[in-house]
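Here, each number is a calculation from the coordinates, and none is a lab measurement. What you see is a predicted model; the values in this text were computed from it and never measured. Cβ placement follows ideal geometry from the backbone for every residue including glycine, while neighbour counts extend to all protein chains displayed.
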Amino acid sequence: MATTYTITDLAKEFDLTTRAMRFYEDMGLLKPEREGQGGRNRVYSARDRTRLKLTLRAKRLGLSLTEAKEIIDSYDSPRDTAPQLRKFLDILTDHRQKLEAQMVDLQANLEELRVREKETRMLLSKAEKSN
């Protein structure tokens, strides 16, 4: 018999809220089976657990959920790994380039702050000396 998990099991394991789990389901990242009266109970498979783990890893890398879904879904296709790896590399490269651009902007902002701090310290020093 295959291992299954409840929404509470996975939420606890990955320190998520059940609301987050349902959101990932709405995004198509997770596809639990439904059981019980009216299909109210979600039953997650080992595959869903792996998809959740990969989703959270992608988030830690700063990827969007859409990007995470593209990558994860590519592994559901036939086992030709070259296209999967190419897609993953494209997404990673694009994300790295965005982060590098943000880093340049942040460094410029930090330098501007340093200049303004230095000017303000000088003005404060002059103001305190004249009092």
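In nm², what is the average projected area of the convex hull enclosing the Cα atoms of the range 1-61?
4.2 nm²
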Computed FRET value (nearest 0.05) for Met122 with Asp90, which takes r as the C-beta separation and R₀ as 35 Å: 0.10
Charge sum, other residues only, whose C-beta stays under 14 Å from Arg40's C-beta, Lys/Arg counted +1 and Asp/Glu -1: 0
Computed log₁₀ I(q)/I(0) - Debye formula, equal Cα scatterers, no solvent, the range 77-131, q 0.17, 0.18, 0.31 Å⁻¹: -0.71, -0.73, -1.04
Linear extension gain, Arg34 paired with Val115, 0.36 nm per residue minus alpha-carbon span: 23.2 nm
Net charge contributed by nearby residues that have their C-beta within less than 13 Å of Arg96 (K/R +1, D/E -1): -3
Three-way shape call for the range 1-124 based on the alpha-carbon gyration tensor, with the a/c threshold at 1.5: oblate
Relative contact order (%) - the chain, alpha-carbon pairs under 8 angstrom, separation at least six: 16 percent
Extension gain (nm, one decimal) between Gln102 and Thr8, 0.36 nm per residue minus Cα-Cα: 30.1 nm
Residue of Leu54, Leu63, Leu110 that the Gaussian network model of the chain assigns the largest fluctuation, springs spanning Cα pairs under 10 Å: Leu110
Those trypsin sites (Lys or Arg not before Pro) in the range 1-97 that DSSP places in a loop and that have at most 13 other beta carbons within 10 Å: Arg40, Arg79
